[in-house]
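K.L.:
Below is the structure I would like to discuss, written out as structure tokens.
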Amino acid sequence: MAEIEPLKNSERDLTKVEFSQVDQPGSVGLLGHLKGFWITFSTIFKKPETVEYPEVKAPTQERFHGRHQLNRHPDGLEKCIGCELCAWACPADAIYVEGADNTEENRMSPGERYGKVYQINYLRCVFCGLCIEACPTRALTMTNEYELADDSRAKLIFEKDDLLGPLRAGMLMPPHPMYPDMTDTNYYKGDVTQAHPSQDVNK
Amino acid sequence: MTTAELIGADPGWLITVKALLVFVVCVVLTLMSVWGERRLVGRMQQRPGPNRVGPFGLVQALADGVKLALKEDLIPAAADKIVFVIAPIISATTCFMSFAVIPITGPVTLFGHKTAMQLTDLPVGVLYVLAIASVGVYGIILAGWSSGSTYPLLGGLRSSAQVISYEIAMGLSLVSVFIYAGSMSTSDIVAAQTSWWYGVVLFPSFAIYAISMVGETNRAPFDLAEAEGELVGGFHTEYSSLKFALFFLAEYVNIIAVSALATTLFLGGYHAPPFLGFTENWLGGWFTAIWFFSKVLVFFFVFVWLRGTLPRLRYDQFMQFGWKVLIPVSILWILVVATLRVLSLQGAPRLVVVAFASAVVFLIMAVNIGFENAKKKKLEAIVDNADAPSFSLPQLPVALTSINVSNNKEGVDRG
Ligand code: SF4
Ligand code: SF4
């Protein structure tokens, strides 16, 4: 088959080409203008949508990204293992973690390591939640708390103490030993449901 | 006894008291209107507006004023210091001055003295208001120029061009009122409206005045001077603290002043609305002030309503509207009004007057129909020309060419 020669302009019947017609909104009539005035006027008598914030607090969505929380195992040991994955995942470089070894006298978490220093800088954090996805132990999650304003830079760098979740019923304040006859794997599997009396060494 | 004679007999102390009252009324109205505007615009946007300071946020404007006064007062290094300081003073003082000739009440008794709440009554009162408004433009243009900065200069030029062009339309719209009232004194014009308001009789003038007063005060949708996206703050970009507060005050006093003038000239001033004339004697005549202020507030509401509804006009559209629509229309209207007035003053038979009026109406309709037809023809012409242009076009892609080949009815073998 011979090469196809493109048509010359003169051979094309360009007058028959259909130009697509687009409907323009055009100008509105007098009534259209009056409609606009009616909208603003009638809105005066509608209930404002405003939430009077400091007095009334609208609840956030369930999965709203608020302040972080460092969680505990049901016996009170910390979940964080100081792996720094959250810090590496953070796009804003807001997390600083320093891990340390657990010893028999000073055990903060099951397994070998725990997070010794844990800081989140809320001046940098963009609440993207990537740190939560990165955390292998579900140690780090987010709460719905959004009132994070303060008047100095230092106050907005949250330390481990500020971030750790509270001690709930059945929990003991670490450091304390692991549940008897349980390994860290049992911890992760959820076999430990509360503290054992033998763990209460601080009494 | 006319109002002019009535207030002519005022002793000096009464004039001082009245001047003070006018000033206080202006300032209080301004504070209240700033609050009212923010509340109203808020409601139009389905939010409550300021409601924190004082009951219903009533003291908000005062709090803002105090805050402004406590701010640092900056004068840019490049500014022309003296003019920079004078400009806001000019703006603020001139807008108060126009209130001097506005009749707020009918005859009343103040401290046992028979008088009327009007500071002074000039035979050319309305011209005086227009003159004062023109002087006020100096405040704007001097502020823009003396700031020594680009945006204020552009904003100042813009708003002065705007104010000047809309003042022409405004002045022209007033002419028919003068023709009908036979006077330029504000109190005489009010007195001439006892039976019919000029807003009804001279409705086109009223409409033109209403439009141009929005343009004159630099308010939305004509607030081009403060088009934030283009000019930052316009002429007052470089102003801060009390000097800025003065401009702010001037803007609102100006709104109140043009509304008051509109009330005086078109809505019967302090007179009660039709069928409520008996209320004018209540409280020894002071009740008329309530009518006056309610009319002013209605105007103010319209100002706010416009701001809440309309988007800002483009500068060229705005100027075109002023010069090509408002001014010619008002000139034509003046011709019509003058003719009608002369006819009726010279005792022409009713038939002639009616015939003339209907002739004018027919003429307008004929012109309008011709105009619409021309517009339609122009549109059709555009549609007719929607064919391909005659100049050469770039080559179409090859794929399209092959479609053409298959559609080739003449059977020319293209390969
Ligand atoms: S939420 Fe995002 S920005 Fe904030 S600490 Fe976690 S990873 Fe960093
Ligand atoms: S919070 Fe999670 S990811 Fe971050 S260091 Fe602790 S265990 Fe690792």
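The values are calculated or read from the model by the stated rules, or taken from the named source; none is laboratory data. All values reported here derive from a predicted model rather than from experimental measurement. Here Cβ is always computed from backbone atoms with ideal geometry, including for glycine, and neighbour counts include all displayed protein chains. Each accessible area value is taken on the protein alone, full model and side chains, heavy atoms only, with ligands, DNA and RNA left out. Shrake-Rupley method; radii C 1.70, N 1.55, O 1.52, S 1.80 Å.
K.L.:
Listed here are the pairs A:LYS79/A:LYS189; A:LYS79/A:LYS116; A:LYS116/A:LYS155; which of them are more than 23 Å apart at the Cα?
P.N.:
Details: A:LYS79/A:LYS189 12 Å; A:LYS79/A:LYS116 12 Å; A:LYS116/A:LYS155 20 Å.
Where the Cα-Cα span goes over 23 Å, no listed pair is concerned, since all stay within it.
K.L.:
Continuing with this model, one more query. How big is the B-A contact in terms of buried accessible area, both chains counted, 1.4 Å probe, rounded to the nearest 100 Å²? Present the calculation step by step, with values, prior to reporting the outcome.
P.N.:
Details: alone 22240 and 15020 Å², together 34660 Å².
The buried area between B and A, both sides summed, comes to about 2600 Å².
K.L.:
Between the range B:69-136 and the range A:129-182, what's the alpha-carbon centroid distance in Å?
P.N.:
So the separation of the two Cα centres works out to 65 Å.
K.L.:
Continuing with the same structure: Carbon-plus-sulfur fraction of the accessible area of the range B:3-348, 1.4 Å probe, in percent? Before the final figure, lay out each step's value.
P.N.:
Details: 10780 of 14890 Å².
Its accessible area is 72 percent carbon and sulfur atoms.
K.L.:
Then there is this: I want to verify the translational diffusion coefficient of the range B:211-360 in µm²/s; compute it with Stokes-Einstein, Rh as the Kirkwood radius over Cα pairs, at 37 °C and 0.692 mPa s.
P.N.:
Values: Rh = 18.9 Å.
Value of D from the Cα-based Kirkwood radius: 174 µm²/s.
K.L.:
Which FRET efficiency value, to the nearest 0.05, is calculated for A:ASP162 and B:LEU310 with the Förster distance at 60 angstrom and r the Cβ-Cβ distance? Provide the component values of the computation, followed by the final result.
P.N.:
Values: r = 51 Å, r/R0 = 0.85.
Taking R0 as 60 Å, the efficiency between A:ASP162 and B:LEU310 is 0.75.
K.L.:
I've got another one for you. Rounded to the nearest whole Å³, what is the per residue volume of the convex hull around the Cα atoms of chain A? If you can, show how the numbers build up before the last one.
P.N.:
Details: hull volume 72.3 nm³, N = 203.
Hull volume normalised by residue count: 356 Å³.
K.L.:
Over the range B:3-348, what is the relative contact order in percent, taking alpha-carbon pairs closer than 8 angstrom and at least six residues apart? Mind dumping the intermediate values first?
P.N.:
Details: 534 pairs, mean separation 80.0, N = 346.
Once divided by the residue count of the range B:3-348, the mean separation gives 23 percent.
K.L.:
I've got another one for you. For the protein assembly as shown, what does the alpha-carbon gyration tensor say about shape, rounded, prolate or oblate, given a ≥ b ≥ c as the root eigenvalues, a/c under 1.5 as rounded, and a/b over b/c as prolate? All intermediate terms of the calculation are to be shown ahead of the outcome.
P.N.:
Working: a/c = 2.96, a/b = 1.47, b/c = 2.01.
Oblate shape, in that a/c is at least 1.5 and b/c is the bigger or equal ratio.
K.L.:
Please determine, in degrees from 0 to 90 and to the nearest 10, the orientation of helix A:30-43 with respect to the longest principal axis defined by the Cα atoms of chain A, where the helix direction is its Cα long axis.
P.N.:
That helix lies at roughly 20 degrees to the long axis.
K.L.:
Can you give me the orientation-averaged projected area of the convex hull built on the Cα atoms of the range B:289-338, in nm²? Mind showing how you got there, number by number?
P.N.:
Details: hull surface 21.6 nm².
Orientation-averaged projected area of the Cα hull: 5.4 nm².
K.L.:
Find how many whole Å separate the alpha carbon centroid of the range A:96-120 from the alpha carbon centroid of the range B:163-201.
P.N.:
That distance is 86 Å.
K.L.:
Give me the 1.4 Å probe accessible area per residue for the range B:71-206, excluding ligands and nucleic acids, in Å². Mind dumping the intermediate values first?
P.N.:
Numbers: 5460 Å² over 136 residues.
Dividing the accessible area of the range B:71-206 by its residue count gives 40 Å².
K.L.:
Divide, for chain B, the radius of gyration over alpha carbons by 2.2 N^0.38 Å, where N is the residue count.
P.N.:
1.28
K.L.:
For A:GLU105 and A:ILE44, FRET efficiency with R0 = 56 Å and r from the beta-carbon atoms, rounded to 0.05?
P.N.:
On the way: r = 71 Å, r/R0 = 1.27.
That pair, A:ILE44 with A:GLU105, gives E of 0.20.
K.L.:
What is the spin-label model distance, in nm, from A:ARG113 to B:ILE15 if the labels are put 7 Å beyond Cα along the C-beta direction?
P.N.:
Result: 9.1 nm between the two label points.
K.L.:
How high is the relative contact order of chain A, given as a whole-number percent (alpha carbon pairs under 8 Å, six or more residues apart)? Kindly include the intermediate steps, with their values, before the conclusion.
P.N.:
Details: 280 pairs, mean separation 47.8, N = 203.
Result for chain A is 24 percent.
K.L.:
Something else now. Quick check on chain B: helices-only [θ] at 222 nm, where DSSP H runs of length 4 and up contribute -39,500 (n - 2.57) each and the sum goes over total residues. Nearest 500, please. Mind showing how you got there, number by number?
P.N.:
Values: 16 runs with 267 residues, N = 415.
Computed ellipticity for chain B at 222 nm equals -21500 deg cm²/dmol.
K.L.:
Same structure again: Through the Karplus equation 6.51 cos²θ - 1.76 cosθ + 1.60, θ set to phi - 60°, convert the phi angles of the range B:105-121 into ³J(HN,Hα) values in whole Hz; use x for Gly and Pro.
P.N.:
My calculation for the range B:105-121 gives 10, x, x, 9, 10, 10, 6, x, 10, 7, 7, 9, 6, 8, 5, 8, 10 Hz in order.
K.L.:
Per residue, how much accessible area does chain A show when a 1.4 Å probe rolls over the protein heavy atoms, in square angstrom?
P.N.:
Working: 13730 Å² over 203 residues.
Accessible area per residue: 68 Å².
K.L.:
Pop the C-beta distance of B:ILE168 and B:ASP73 into the FRET formula with R0 = 41 Å and round what comes out to the nearest 0.05.
P.N.:
Numbers: r = 36 Å, r/R0 = 0.89.
Once the sixth-power term is evaluated, E becomes 0.65.
K.L.:
Over the range B:1-113, what is the relative contact order in whole percent, taking alpha-carbon pairs under 8 Å and six or more residues apart?
P.N.:
On the way: 41 pairs, mean separation 25.6, N = 113.
Relative contact order for the range B:1-113 comes out at 23 percent.
K.L.:
What's the angle, to the nearest 10 degrees (0 to 90), between helix B:350-384's Cα axis and the longest principal axis of chain B?
P.N.:
It works out to around 30 degrees.
K.L.:
For the range B:197-271, which chymotrypsin sites (Phe, Trp or Tyr not before Pro) are in a loop by DSSP, counting at most 10 other Cβ atoms within 10 Å?
P.N.:
Details: sites: B:TRP197, B:TYR198, B:PHE206, B:TYR209, B:PHE222, B:PHE235, B:TYR239, B:PHE244, B:PHE247, B:PHE248, B:TYR252, B:PHE266, B:TYR270; in loops: B:TRP197, B:PHE222, B:TYR239, B:TYR270.
Taking the range B:197-271 and a limit of 10 other Cβ atoms within 10 Å, no loop chymotrypsin sites (Phe, Trp or Tyr not before Pro) are found.
K.L.:
Follow-up question, since we're still on this one. Unpartnered cysteines of chain A (Cβ-Cβ under 4.7 Å counts as a partner)?
P.N.:
Within chain A, the cysteines lacking a partner Cβ under 4.7 Å are A:CYS80, A:CYS83, A:CYS90, A:CYS125, A:CYS128, A:CYS135.
K.L.:
For labels at B:LEU379 and B:ALA63 in the simple 7 Å Cα→Cβ model, what's the distance in nm?
P.N.:
5.3 nm
K.L.:
Over 28 Å between Cα atoms, which of A:LYS35/B:LYS243; B:LYS324/B:LYS378; B:LYS243/B:LYS324; A:LYS47/B:LYS67; B:LYS18/B:LYS71 qualify?
P.N.:
Too far apart for the 28 Å limit: A:LYS35/B:LYS243; B:LYS243/B:LYS324; A:LYS47/B:LYS67; B:LYS18/B:LYS71.
K.L.:
Show me, for the range B:145-150, the HN-Hα J-couplings you get by feeding each phi into the Karplus relation (A = 6.51, B = -1.76, C = 1.60, θ = phi - 60°), rounded to Hz, glycine and proline as x.
P.N.:
So the Karplus estimates, Gly and Pro as x, are 6, 6, 5, x, 8, 6 Hz.
K.L.:
Within the range B:21-57, name every residue whose backbone N is under 18 Å away from a label modeled 7 Å from Cα of A:GLU52 along the Cβ vector.
P.N.:
It comes to B:39-40, B:42-43, B:46-57, nothing else.
K.L.:
Once the Cα atoms of helix B:12-44 and of chain B are each reduced to a long axis, what angle between those two axes, in degrees from 0 to 90 to the nearest 10, is obtained?
P.N.:
40 degrees
K.L.:
Moving to a separate point now. Treat each spin label as a single point 7 Å out from the Cα along the C-beta direction, and report the A:LEU34 to A:ASP200 distance in nm.
P.N.:
It is 8.1 nm.
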